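Novice: What follows is a structure written as structure tokens; I'll ask about it next.
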Amino acid sequence: MCINNNEEFENIFRNASELADVFGVVPTIPRCVGRQNHRENHAANSPEEYYRRMTFVPYIEEMSTSLSGRFLSHKNIIVGLQCIIPAYVVKFSFSDVEPPFNFYSDDLTTANIVMLKSNWDLWTIKWKNCKDELPKDAITALKKCEEILFPNMHILLKILATLPATTASVERSFSTLKRLKKYLRNSTGEDSLNGLALMLIHHSIS
């Protein structure tokens, strides 16, 4: 939880109190019932303390948990994928790329750690001896990665290049399906539904 939670809440509550004064509303504490289990019953000495416990602290905790689950749990995998990019590959060792190798083991041509390390060593030597400018992004590196010589690196670079930066495209797909698959179209086949959804989502290039 953030260190300045108390100060931030006091500022928020102060602004809310000023807004309540404008509209003539007095902040009050709901009646607390000892046996009531279907609503919040926080014992508090003031409205500020009550709403801090009921609203502000749970909101901050939920936000912190969501951010941790969304980003920190996959941090090592994303960092490991970025290590494969030629501009950074000379700065890292095989231990730095082990997380993505393990996570995407089902997608790779082999799960043998010895062979993966050999592929990594060859990939590192290739770019250490390269005299040209090293690619700094996954798409450029993918174009210069020979799939026959470096099949696993090619797969991981392809995964890195296609990872979405946000969930906007996914949300747009859900919204599109909601409009397409209505009650009268409930029996639409998967191929037809996918085709219609792609045409609607990418209407600018269709």
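The values are calculated or read from the model by the stated rules, or taken from the named source; none is laboratory data. The structure displayed is predicted, hence computed values, not measured ones. Cβ coordinates were reconstructed from backbone atoms using ideal geometry, including for glycine residues, and neighbour counts include every protein chain displayed.
Novice: Step by step: first the residues of the stretch 75-133, then only those that are of a type in the set (Gly, Ala, Ser) and outside any helix (DSSP H, G or I), then the one that is nearest to the chain's Cα centre (by Cα). Which residue is that?
Specialist: Checked the stretch 75-133; the qualifying residue nearest to the chain's Cα centre (by Cα) is SER105.
Novice: Give ASP121, ASP132, ASP107 a once-over and let me know the one that is in contact (Cβ under 8 Å) with a residue 40 or more places away in the chain and surrounded by fewer than 16 Cβ atoms within 10 Å (Cβ to Cβ).
Specialist: Result of the check over ASP121, ASP132, ASP107: ASP107.
Novice: Kindly indicate whether ASP137 is closer than 30 Å to HIS203 by Cβ and in the same structural domain as LYS91 (by TED's automatic domain parsing).
Specialist: Yes: the conditions hold for ASP137.
Novice: Residue check: is PHE56 outside any loop (DSSP other than H, G, I, E, B), modelled with pLDDT of 70 or more and among the aromatic types (Phe, Trp, Tyr)?
Specialist: Criteria met by PHE56.
Novice: Output the number of the condition that LEU108 fails; it satisfies all remaining conditions of (1) assigned by TED's automatic domain parsing to the domain that holds LEU149; (2) in contact with a Phe, Trp or Tyr (Cβ under 6 Å, 6 or more places away or on another chain).
Specialist: LEU108 satisfies every listed condition except (2).
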